[in-house]
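Below is one structure; the comments refer to it alone.
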Amino acid sequence: MLLKDVSRKPLLWLAAALCMAFAGLAQAAGSPASVEHARIRWLPGDLPLAGYFDLTNTGPRPLTLTGASSTVFGDVMMHRTVHRGGETGMVPVHDLQVRPGQTLHFTPDGYHLMLMGRTRTLAKGDAVPIRLTFSGGRSMDVMFAVRGADMQ
Amino acid sequence: MSLRNPVARTRIFLAAAFCAFAALLSGCSQDKTWDLDNITGIVSPLAFSLTDDTGRHVTAETYRGRIVMLYFGYTHCPDVCPTTLATLSQALSKLGAAADKVRILFVTVDPQRDTPPLLKRYTEAFGPEFIGLRTDDPALRQLAKRYRVTYSLGKPDAHGNYEATHSSAVFIFDGKGKARLMAESSSSAAAIAHDVQQLIGGA
Ligand SMILES: [Cu+2]
């Protein structure tokens, strides 16, 4: 239906192509940031999953990441893995400030998005939309690639 | 080989000199060198009585003759457990066919949620060498104590979800069940593969 409409209107088609190009860069309007290496590690059943990415502040002002949400998960939290005296656990994270030009790494054994309560089954190779939210009411939609348990 | 031949003698001398120089450069001696922490004589030998992810009763003897990596974790752990298991999986890939000489034993600190079927699906996702093991308290406490690791389960939230803290250590035992090395979540797959290869070679 949508495809049929746009194919009849070259201008709309061009606009759609441009939108897709920008979406590929994960650079939403009003969010001076870019996200790379957005990925999720698959685990079986409905086990909590971890999401990882690199967020770069491409704007002139500090950016504060306040949280994330997704239609594919009932609950998304920001966590950090901590090691204390040979023991390891997780602590919740709330506001993460990224200075202009800086990159914030959500990476294994560190910061991660904790993704709980799948609303649909997931498999390696799937793409999952996650919305990152920033202070000031801004947000950014990012596609995360689902990788295997071994991250290969 | 004839040492009376002056050309051969020179060659041998040069080879010996090169070896000595190379040894000096690499800092290696005749001792085995390990990339991971050497825990020989510090950690107790492998000994346990647990149920595996197929419901079978297993002991350390079940895995005699194989290099065993012992790790305490839980399947609902989203980051550090799967990160560690993924690194071990990558290390096994580097070993090729020799990976079959290794078993990774994942002992759950959350036996209530980690039923044998869930443990099986979880460990299978990392490879055929991965085996989930479980037992209840107080046997679990005793096993943790034997390896001087601690764990605790957090309070359940409104949905009944809870987290756990656990050790980040991976204890590596040789084919005789003797504790030899310790890896951690930060250890590289290359370092683990290197050391396990040496253990397989009888080091
Ligand atoms: Cu977490």
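Nothing in this text is a laboratory measurement; each read-out follows from the coordinates by a stated rule. Source: prediction; values computed, not measured. Positions of Cβ are backbone-derived with ideal geometry, glycine not excepted, and every protein chain shown enters the neighbour counts.
In what order do A:His105, B:His166 fall by count of nearby beta-carbon atoms within 10 Å, going from fewest to most?
Sorted ascending by nearby Cβ count, the order is A:His105, B:His166.
Give me the compactness ratio for the range B:37-200, meaning the Cα radius of gyration over 2.2 N^0.38 Å.
0.97
Can you give the extra length, in nm with one decimal, that the chain gains between B:Asn38 and B:Ala97 once fully stretched, where that is 0.36 nm per residue apart less the Cα-Cα distance?
18.7 nm
In whole Hz, what ³J(HN,Hα) sequence does the range A:83-91 give by Karplus (6.51, -1.76, 1.60; θ = phi - 60°), x for Gly and Pro?
Rounded to whole hertz, the list is 10, 9, x, x, 9, 10, x, 10, 10.
Among all the aspartates and glutamates, which ones have a C-alpha under 15 Å from B:Lys176's C-alpha, if same-chain residues fewer than 8 places away are not counted?
Partners found: B:Glu61.
Once R0 is set to 30 Å, what does the formula 1/(1 + (r/R0)^6) return for the Cβ-Cβ distance between B:Ser188 and A:Gln97, expressed as a FRET efficiency to the nearest 0.05?
Efficiency computed from Cβ-Cβ geometry: 0.45.
Taking R0 as 25 Å, what FRET efficiency do you get between B:Lys155 and A:Asp75 from their Cβ-Cβ distance, rounded to the nearest 0.05?
Efficiency, rounded to the nearest 0.05: 0.90.
By counting other Cβ atoms within 10 Å of each Cβ, how are B:Val196, A:Val93 ranked from fewest to most?
Lowest count first: A:Val93, B:Val196.
What is the set of long-range amide H partners of A:Phe144 at a cut-off below 5 Å, with H atoms built 1.01 Å from backbone N?
A:Val128, A:Ile130
Could you list, in their original order, any pairs among B:Lys145/B:Lys178; A:Lys124/B:Lys120; B:Lys94/B:Lys120; B:Lys101/B:Lys155 whose Cα atoms are separated by more than 28 Å?
B:Lys101/B:Lys155
If neighbour count is taken as other Cβ atoms inside 10 Å, put B:Glu129, B:Glu61 in order from fewest to most.
Listing B:Glu129, B:Glu61 from fewest to most nearby Cβ atoms yields B:Glu61, B:Glu129.
Which of the trypsin sites (Lys or Arg not before Pro) found in the range B:59-168 are loop residues per DSSP with 14 or fewer other Cβ atoms within 10 Å of their Cβ?
Listed in order of number, the matching sites are B:Arg64, B:Arg148.
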